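Visitor: Below is a structure I'd like to ask you about.
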Amino acid sequence: DGGITQSPKYLFRKEGQNVTLSCEQNLNHDAMYWYRQDPGQGLRLIYYSQIVNDFQKGDIAEGYSVSREKKESFPLTVTSAQKNPTAFYLCASSDRTGSHEQYFGPGTRLTVT
Amino acid sequence: QQQVKQSPQSLIVQKGGISIINCAYENTAFDYFPWYQQFPGKGPALLIAIRPDVSEKKEGRFTISFNKSAKQFSLHIMDSQPGDSATYFCAALSGGSYIPTFGRGTSLIVHP
């Protein structure tokens, strides 16, 4: 059963703590992405990775970090430097050729208080 | 700078009615235009997509209309159903990139 998994679905943290969101895919996709979704803001790109051990900043990378040590995994760390971390975070993957369709995970809702 | 402008932000339609969501773009290099559907608490999923070599694409009750000269494209949902209630995102990509530029989304509510 192919797809993208994100865990956990809900995450609560205290202000000042770093937190890592998990994203795993078994679609054999080269490219993976992290988006942040806030009401009325659409999907904003945080980071993306085209291949293992390589990643680029998206539009709102400040306060976030990523790694891509394995093709299947693209974890996102929300650091204490992120001013407004409470949001819905979506991971996606795509093939770099063909239709360019993005496949999204179910999302992680992070609440920082 | 918002490269894909989507409207309306929210839409309420009666069951059986037609839902219409519009998007406009500026970058003439865009050549692939997908629409994504997102249910509450879920990730978006591809609904339908079009390339600019055709003016219309239909899949069931969902139709994309594309106007290349006006740089606009729209999603029409015929015979809208309560199960269509979701957030819809338009997007655009250019041939040299596989990273979509998304519109800000439209929240559709279909009343029974």
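Visitor: In this structure, does B:Gln37 turn out to be at pLDDT below 95 and within 15 Å of the chain's Cα centre (by Cα)?
Guide: no
Visitor: Residues of region B:69-95 being within 11 Å of chain A (Cβ to nearest Cβ) and either of a type in the set (Gly, Ala, Ser) or out of contact with any strand residue (DSSP E or B) (no Cβ under 8 Å at 6 or more places or on another chain) (or both), which ones?
Guide: Hits for region B:69-95 are B:Ala91, B:Ala92, B:Ser94, B:Gly95.
Visitor: Evaluate region B:13-34: report whether one residue or more is within 14 Å of another protein chain (Cβ to nearest Cβ), within 17 Å of A:Gly40 (Cβ to Cβ) and touching a residue at least 12 places away in the same chain (Cβ under 8 Å).
Guide: Within region B:13-34 (the criterion being within 14 Å of another protein chain (Cβ to nearest Cβ), within 17 Å of A:Gly40 (Cβ to Cβ) and touching a residue at least 12 places away in the same chain (Cβ under 8 Å)), the answer is yes, since at least one residue qualifies.
Visitor: Right, something else. Of everything in region A:77-113, what is part of a loop (DSSP other than H, G, I, E, B), more than 7 Å from every other protein chain (Cβ to nearest Cβ) and among the polar types (S, T, N, Q)? Give them in sequence order.
Guide: If the condition is that a residue be part of a loop (DSSP other than H, G, I, E, B), more than 7 Å from every other protein chain (Cβ to nearest Cβ) and among the polar types (S, T, N, Q), then A:Thr79, A:Ser80, A:Gln82, A:Asn84, A:Thr86, A:Thr97, A:Ser99, A:Thr113 are the ones that fit.
Visitor: Return the residues of region B:19-33 that are out of contact with any Ser or Thr (no Cβ under 7 Å at 6 or more places or on another chain) and within 16 Å of B:Lys58 (Cα to Cα); say none if nothing qualifies.
Guide: Scanning region B:19-33 gives B:Tyr32, B:Phe33.
Visitor: Something else about it: Filtering region B:37-68 down to residues that are assigned to a loop (DSSP other than H, G, I, E, B) and within 14 Å of chain A (Cβ to nearest Cβ), which residue is nearest to B:Tyr25 (Cα to Cα)?
Guide: That would be B:Arg51.
Visitor: Residues being assigned to a loop (DSSP other than H, G, I, E, B) and surrounded by 14 or more Cβ atoms within 10 Å (Cβ to Cβ): count how many of those fall in region B:12-25.
Guide: 1
The values are calculated or read from the model by the stated rules, or taken from the named source; none is laboratory data. Since we're looking at a predicted model, the values are computed, not measured. All Cβ positions, glycine included, derive from the backbone under ideal geometry; neighbour counts span all protein chains shown.
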